[in-house]
Amino acid sequence: MSDDFFVDDGTRTRTAPRGAGTSEGAQEMASRVSTDPVELRREVGAVLRLPEGGVLDSGDIDVERRDDETMIINMGPQHPSTHGVLRLMLELDGELVLRTKPVIGYLHTGMEKTGEELTYVQGATNVTRMDYLSPLNNELVFSLAVESLLGIELPPRAVWIRMLLSELQRISSHLMWMATNGMDLGSTSMMIYGFREREMVLSFFEKATGLRMNHNFIRPGGVAADLPDGWRDDVDVLCETILARTYEYDELLTGQPIFRERTEGVGNLTADQALALSITGPILRSTGVAWDLRRSMPYLAYDQVDFDVIVGTYGDNFDRYSIRLNEIRESIRIVRQVVERMPPGDYRSQDRKVTPPPRARIDESMEALIHHFKVFTEGFKVPEGEVYVAIESPRGELGCYLVSDGSSKPYRLHIRGPSFVNLQAVPLLLRGGLVADAVAIISSVDPVMGEVDR
Amino acid sequence: MTADAPGAGTGVGTDEPAEAAPQSGPGPATATATATATATVLPEVPRASGPATSEIAFPPRDRYLDMLSSYRDAGFETCADLCAVDYLTHPGRALPEGVRAERFEVVVNLLSLSQRRRVRIRVQVPEDDPVLASAIDLYPGVDAMEREAFDLVGVRFDGHPDLTRILMPEDWEGHPLRKDYGVGRVPVQFKEAPGPR
């Protein structure tokens, strides 16, 4: 097959022509002959523009390869192990991955635009659907941003309830990851165990918030309700069971030779690369950088509880696995301290501006009824300003950039989804590896497409 | 909860817990104090301070890359976030003196792991020429974020090697997060309403 088989018809422009229409050319990965050499080097090298210069040298990268030796294949968007609708285009030479390009947007529903149309009261229902594996963290970051602009202070019990739920959410999210990661590596039993334990956490959420997912429980001004009676017992049982089960996972996976063969030394990342690519969360920590916003820039009351930040050494799949497994244990540690030290008091701010009057008052006071009605129809107004708030979600730095123009709806709501940014590591992690490892590597990045596409 | 955030060593509670912000938050006096104390790079560029981030810089468009590289040299290892805002219907926002409000704004949040600090950079981008230099050589992690800002708001990033749409389909018309982009809705069909025929 000759090179002219690949006709460059000029439709695959790789750089944006100034002043062209709104369509800027193909998102897909193009064949080598029709790709601009600079861009090709970047794609082959995955990251070339590292700040310190020389982690990857463009001279080392062999772009002189005949097109008919390689093959571009699609993985996804309907592939069962790409965790949702992630589509990867892989250029393969036999079993080796040469170039990778994630193509995303299949789940884009314009949630940031929707957020501009909803009041601050309604906003939490919108953001909670972004990262559907840790909805409470989305609500938390949105609420923290709104409260920061409002300048209200929360009663301690609200803060600690938020912390309890946030940590339980981390446990459930990591359990889900353990399950799917096990499945991707062929361990079907891990799939079943992971979902079984996650269901325990979700049952507690159902009891406390009314829903298993998409709770709309953490709201600007506090939380929606107090914890249900007997929550301490439920949480105690949950901690005890899941902690015991994590040691079963150790027996099932951690020490198992096949599992270690498939994860150790696969998908290596260095700290420089991770920082250059803005990677956060367990992937950054697997490279040995002890960066956890709960510790480094504490929010809620994380500066008052005792926990360890788990770091890895090699930045490979196995490190990412062990970090997540141990983070479950650390989260259990935090949850136990929260159970022990949960302060009494109110579960939401009594700032009249944001909090509707209690139900009992509505029956006896007309003003309270009007106030209640206004909070839920018009919403409350938030002072002009802009703020960026970040928290540590199970996947990394979950940020919320909120601009208010003084009305009751956000002027601009931008969510910095950790999955969206972390996905940039995929081409680098897959580079030079085997197709068989691709599935394991994608899984170890833990992308949640709802958050990637928003 | 105290205001002694871990950044206290550097003189700023950079990431004060949001609840504590109103009490300990940057009043006008402290704001200027911290701003001058922490303006380590390009001090002539206008600054402001806001809740949760004590240093917000407003460089002109041609000094944007200078600013980023100076911050990178000053220890801001990673670019946490980049997004664009369309201020079409809210032109009278508060900006420090010497900064002319334009329709678009590109907002970059930098993070220093070693100093546990954040800074925010807000660049004004005019409507008739919505182009900004790409930061991809300084912070490769902005690759996807710049594509997103281009896709949704329509700010072009000069020098980005692959500035294509990322979330919308590649043949999509318009930039959905612009304020003059219609929201669109499906009319509610009540039971009594006449059918489609």
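Since every read-out is calculated from the coordinates, none of them should be taken as a lab result. Predicted model, so just to flag it, every value in this text is computed and none were measured. Here Cβ is always computed from backbone atoms with ideal geometry, including for glycine, and neighbour counts include all displayed protein chains.
The GluC sites (Glu not before Pro) of the range A:96-147 include none that DSSP puts in a loop with a beta carbon having at most 16 other beta carbons within 10 Å. Summing Cβ point charges (Lys, Arg +1; Asp, Glu -1) relative to the Cα centre of the range A:215-354 gives a dipole of roughly 520 debye. Between helix A:156-184 and chain A there is an angle of about 30 degrees, using the helix long axis and the longest principal axis of the Cα atoms.
In this structure, the amide hydrogen of residue A:75, modeled 1.01 Å from its nitrogen in the peptide plane, lies closer than 5 angstrom to those of A:88, A:89, A:90, counting only residues at least 5 positions away or on a different chain.
With +1 on each Lys and Arg Cβ and -1 on each Asp and Glu Cβ, and nothing else charged, work out how big the dipole of the range A:168-240 is about its Cα centre, in Debye to the nearest 20. Walk me through the intermediate numbers first.
Numbers: 7 positive and 10 negative charges, 59 e Å.
For this selection, approximately 280 debye.
Between amide H atoms placed 1.01 Å from N, distances below 5 Å from residue B:78 occur with B:111, B:113, all of them 5 or more places distant or on a separate chain.
Secondary-structure-derived ellipticity at 222 nm for chain A, considering helices only, amounts to -13500 deg cm²/dmol, per-run term -39500 (n - 2.57) for DSSP H runs with n ≥ 4. For residue B:84, the amide hydrogen comes within under 5 Å of the amide hydrogens of B:107, counting only partners 5 or more places away or on other chains and with H modelled in the peptide plane.
If I take R0 = 45 Å and measure r between the Cβ atoms of residue B:69 and residue A:93 in this structure, what FRET efficiency does the formula 1/(1 + (r/R0)^6) give, to the nearest 0.05? Each step should come with its number before you reach the end.
Working: r = 37 Å, r/R0 = 0.83.
Between residue B:69 and residue A:93 the formula returns 0.75.
The residue among A:239, A:270, A:253 whose Cα reaches farthest toward the positive pole of the charge dipole of the range A:236-319, with charges on the beta-carbon of Lys, Arg, Asp and Glu, is A:270.
The phi torsions of the range A:249-261, fed into the Karplus equation with coefficients 6.51, -1.76 and 1.60 and a -60° offset, translate into couplings of 4, 3, 5, 6, 10, 4, x, 7, x, 5, 4, 5, 4 Hz, rounded to whole numbers, with Gly and Pro shown as x. Taking the C-alpha atoms only, the angle from helix A:435-445 to the longest principal axis of chain A is near 30 degrees. Note on the range A:111-453: dipole from Cβ charges, positive end direction compared against A:420, A:284, A:221; the farthest Cα belongs to A:221. Kirkwood analysis of the Cα pair distances in the range A:194-290 returns a hydrodynamic radius of 17.0 Å.
Could you state, as a whole-number percent, how many of the C-alpha pairs of the range A:111-453 are farther apart than 28 Å? Each step should come with its number before you reach the end.
Details: 24738 of 58653 pairs.
Counting every Cα pair in the range A:111-453, those more than 28 Å apart make up 42 percent.
Evaluating 6.51 cos²θ - 1.76 cosθ + 1.60 at θ = phi - 60° for every residue in the range A:129-137, the Karplus couplings come out as 8, 6, 8, 6, 8, 9, x, 5, 5 Hz, glycine and proline recorded as x. In sequence order, the range B:52-64 has phi-based couplings of 6, 9, 8, 10, 10, 10, 10, x, x, 4, 6, 9, 4 Hz under the Karplus curve 6.51 cos²θ - 1.76 cosθ + 1.60, θ = phi - 60°, and Gly or Pro positions carry x. Convex hull volume per residue, computed on the Cα atoms of the range A:68-125, equals 103 Å³.
So how do A:28, B:192, B:77, A:251 line up by other beta-carbon neighbours within 10 Å, fewest first? Before the final figure, lay out the partial values.
On the way: A:28 14, B:192 5, B:77 21, A:251 9.
The fewest-first ordering by Cβ neighbours comes to B:192, A:251, A:28, B:77.
When the dipole is taken about the Cα centre of chain A, and only Lys, Arg (+1) and Asp, Glu (-1) are charged at their Cβ, what size is it in debye, to the nearest 20?
Numbers: 48 positive and 68 negative charges, 242 e Å.
Once rounded to the nearest 20, the dipole reads 1160 debye.
Ranked by how many other Cβ atoms sit within 10 Å of their own Cβ, fewest first, the residues B:100, B:118 fall in the order B:100, B:118. Considering only A:181, A:360, A:142, and ranking their Cα positions along the charge dipole of the range A:111-453 that arises from unit charges at the beta-carbon of Lys, Arg, Asp and Glu, the one farthest toward the positive end is A:360. Annotation for the range A:295-348 versus the range A:133-173: alpha-carbon center distance of 14 Å.
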